[in-house]
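The values are calculated or read from the model by the stated rules, or taken from the named source; none is laboratory data. Quantities reported herein were computed from a predicted structural model and do not represent experimental measurements. Neighbour counts are summed over all protein chains in view; Cβ atoms, including those assigned to glycine, are modelled from backbone coordinates with ideal geometry.
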Amino acid sequence: MAVLEDLLVVQEHDSAIDRLRYKKETLPEQARLAEVEKALAALDASTAEVGARRDDVARRQQRHEDELSSVETKIGEVEKRLYSGAVSAPRELQAMQADVASLNRHRSDIEDRVLETMQEREPLDAELTAFAEQRAGLEAEADQLRQAIAEQVGEIDAELATELEARQTAAASIPDDLIGQYERLRGKQGGVGAARLVNGRCSGCHLTLPATELDRIRREPAGTVVLCDQCGRILVP
Ligand SMILES: [Zn+2]
């Protein structure tokens, strides 16, 4: 029966379409890309966290440096007056020298604090540099993966278009009710709605039909749609 042969052709195309869609949804590159994107998100979170700590240290360092420069300015001013010759009263000179000594001690304290914050900042900067390198590596990999995915999806889509067109051509001569029945069976039976009967065996469920059943099928008038009594699929003798 030509219509049933056409139905098998439709089945072949439908199976090919299913395989292509499955292939498109399960590209290994897609899975890897999801991993890479997850790693990038985690890296961004770590970068934000360490970055905030580094910025905090940097702000403190800046405050200390500003304070240091204002103390240095002050020392400069006092020393300038001290050595200008404008001041000659010994008591005043002594007071100014004490001022310079005290400012120098203060400067030394601030220098220690600047050094401490620099030391605190160093490992954070190093960590951020390492994160940036990791990010660049992951971004490059993600770009390659996206490109590979786009290429494969393009190829698969082209194959899908061909298969869909061929499917439509093959289905054109099949009556709607038979296509409808086939679609329902396909939905229930893992994508296979029609199967060839080969040597008394249903190639849908791979079970051998009982002799009595085969006999019954043989005696059906031409054009009758027969279903496998094991799996219910449309049998094509
Ligand atoms: Zn069967």
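Comparison of 102, 88 shows that the only residue that is at pLDDT 95 or above and over 56 Å from the mean Cα position of the chain (by Cα) is 102. Scan segment 111-149 for residues that are touching a helix residue (DSSP H, G or I) at 6+ places or on another chain (Cβ under 8 Å) and of a type in the set (S, T, N, Q) and the total you get is 2. For the structure I just gave you, tell me whether residue 153 is surrounded by 13 or more Cβ atoms within 10 Å (Cβ to Cβ), within 15 Å of the ligand (Cβ to nearest atom), of a type in the set (A, V, I, L, M) and on the phi < 0 side of the Ramachandran plot. Judged against the criteria, residue 153 is not a match. Against the conditions (1) part of a helix (DSSP H, G or I); (2) surrounded by fewer than 17 Cβ atoms within 10 Å (Cβ to Cβ); (3) touching a helix residue (DSSP H, G or I) at 6+ places or on another chain (Cβ under 8 Å), residue 173 satisfies every one except (1). Touching a Pro at 6+ places or on another chain (Cβ under 9 Å), part of a helix (DSSP H, G or I) and either touching a residue at least 60 places away in the same chain (Cβ under 8 Å) or of a type in the set (Val, Ile, Thr) (or both): which single residue out of 33, 4, 20, 43 fits that description? Residue meeting the stated conditions: 4.
Within 16 Å of the ligand (Cβ to nearest atom), of a type outside the set (S, T, N, Q), out of contact with any strand residue (DSSP E or B) (no Cβ under 6 Å at 6 or more places or on another chain) and closer than 16 Å to residue 8 by Cα, is that true of residue 205? When the stated conditions are applied, residue 205 passes them. Only a single criterion out of (1) at pLDDT 95 or above; (2) surrounded by fewer than 12 Cβ atoms within 10 Å (Cβ to Cβ) is not satisfied by residue 109, namely (2).
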